[in-house]
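The structure appears below as C-alpha cells.
Values quoted throughout were computed directly from the atomic coordinates according to the rules given, and no laboratory measurement underlies them. Being a predicted model, the structure only gives us computed values, none of them experimental. Heads up, the Cβs are rebuilt from the backbone with ideal geometry, glycines too, and the neighbour counts pull from every protein chain shown.
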C-alpha cells in the first residue's frame, strides 16, 4: 500500500512538473518574441526538467518493486475448495477405481528393476550422457512412451485443436502462467537469449492469446499439445529419484482451455472426465483427489489430482494435475473477451490438465501389467501404436550386453 501511494505521488508530481514546463516554454517564447528577459523562467524550467528525470528514475524503481510484490501474491481459492494445510489434507473424491482385491507377487517388483531386466530402461547411459535425474527408454520401452502420447492425443482429437508449441519461451511468457518469479529456481534458463525451457505446454498455450480480445462466440477455445517438459526440481534430490518417478526431462500431452467465467466449472469437470477416462482405458487402478487450500499452487483456483497405484513401488503416483486458474493468468497475460451486444471487455478464465504424462504412467504399466515370467503385457488400447507388439518380452541372454 505504501509503495502504491508513493507511485501515485510520483505520477502526480511528475505530471505537475511537465505541465509547468509546458507553461514556462510558452511564456519564454512570448518573452523572447517581445525581446524581454526570459532567463529566470528558463532557469526554473531547467530545474524542473532535472526534477522530472529524478522522478522518472524513481518511478521505474518503485513500479518494478511493486510489480515484483504483486507477482508473488497467490490466487484466491474457490469457496468450495477443501480446507487443509498440507497434501495430507487432500480429499479423495473418486475411487479407488479398478483396484484388484490383491496384487500378485510378480507385480510387486519396482519398475526400475523390470525395466532394466527387459532392456527398455537404461538409467546408466542416461546418466552418462546427461547426468543425474535423466532417463532413457529403449526398444519397446521407447515405443510405448511414444504410443502413450499418440493415444492421448487421439482421445482428445474430437474437440481439441492440436498445437505443437515452441519448447523455449520468453520470461514474460513464463510470468503469465505464474512460474516466474516464484519458481525460477525450478526452471532451465538460457540467459544469453532471455529464454526458458518450458516446464509444461501450458506455458506457451496460455500466452497464445496474450494481449488479445476474443469474441464470446469463439469461446471456449480448446487446445491439446504434445511437448517435452523440463524441470530442474531444485531441492528434490534423493526424493523419488529412482526409475521414472522424477526426472528433469519428460514427455507429456497437455489439454488447455480458455472460457468465460460461467462455463469454467463445467470445463473443469470435462477435464476430470477426460483424464480419468484415459487412465481407465489403460486398465490401471486410479483415484481422484481434490487439492486442499494449503496445497494449492500459487496460481490455482481449484485443482484435482489423478493418481494411479503402482504395486511395485507400493505408492499412489500423481499422473495428472487438473487446474482452474479463474482470471489469474488472464490478468497477467491481458487476455480478455467481449460479450455479444455489450460494451467493454472482461477477463477470460483459463484451465489446464496433464492429459497424459509419460514417466509415471509408463512406470505404473510395468508394475501393474508385469507377468509371472517377467515380461510385461502392453495395455490393449496401445496395441495399434506398438507395431504389432502386445508384450514386452524377457530379454534373451545374448541381448543383455547391448
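FRET efficiency for the pair residue 76 and residue 6, taken as 1/(1 + (r/R0)^6) with r the Cβ-Cβ distance and R0 = 22 Å, rounds to 0.25.
In this simple spin-label approximation, residue 170 and residue 339 carry label points 7 Å from Cα along the Cα→Cβ vector, and these lie 3.2 nm apart. If the segment from residue 162 to residue 188 were pulled out straight at 0.36 nm per residue, it would be longer than the present Cα-Cα gap by 6.8 nm.
Take the Cβ atoms of residue 58 and residue 128, set R0 to 56 Å, and the FRET efficiency comes out at 0.55. Panel values: segment 330-402, Kirkwood radius from alpha carbon pairs, Stokes-Einstein at 25 °C and 0.890 mPa s, translational diffusion coefficient 144 µm²/s. Here segment 267-342 is treated as an ellipsoid with the same Cα gyration tensor; its semi-axes, largest first and in whole Å, are 31, 16, 8. Rg/Rh for segment 154-199 (Cα atoms only, Rh after Kirkwood) is 1.12. Label-to-label distance for residue 394 and residue 318 is 3.8 nm, based on points extended 7 Å past Cα in the beta-carbon direction. Note: segment 181-237, Cα convex hull, 126 Å³ per residue.
Relative to the dominant Cα principal axis of the chain, helix 264-282 is inclined by about 20°.
Computing semi-axes √(5λ) of the Cα gyration tensor in Å for the structure here picks out one of (1) 47, 23, 22; (2) 55, 23, 19; (3) 32, 24, 23, namely (2). Computed from the Cβ-Cβ distance with R0 of 22 Å, the FRET efficiency linking residue 51 to residue 31 stands at 0.50.
Distance between the 7 Å Cα→Cβ label points at residue 281 and residue 20: 7.1 nm. Cα centroids of segment 83-115 and segment 255-309: 17 Å apart. Ranked by the mean number of other Cβ atoms within 10 Å of their residues, highest first, the peptides 141-153, 258-270 fall in the order 141-153, 258-270. Dimensions of segment 2-71 along the principal axes, based on C-alpha atoms and rounded to the nearest Å, stand at 55, 14, 14, largest first. Measuring max minus min along each principal axis, the C-alpha atoms of segment 1-144 give extents of 103, 45, 21 Å (largest first). If you bin all the Cα-Cα distances of segment 90-211 at 10 Å, starting from zero, the percentages per bin are 10, 22, 31, 29, 7, 1. Compute the angle between helix 358-368 and the longest alpha-carbon principal axis of the chain, please, reported from 0 to 90 degrees and rounded to the nearest 10. Around 20 degrees separate the two axes. Anisotropy class assigned to segment 119-171 is oblate, per the alpha carbon gyration tensor with a/c at or over the 1.5 cut-off and a/b no larger than b/c. Sorting 125, 360, 2 by the number of Cβ atoms found within 10 Å of their own Cβ, with the fewest placed first, yields 2, 125, 360.
When the helices of the chain are scored as -39500 (n - 2.57) per DSSP H run of n ≥ 4 and the total is divided over every residue, the value at 222 nm lands at -12000 deg cm²/dmol.
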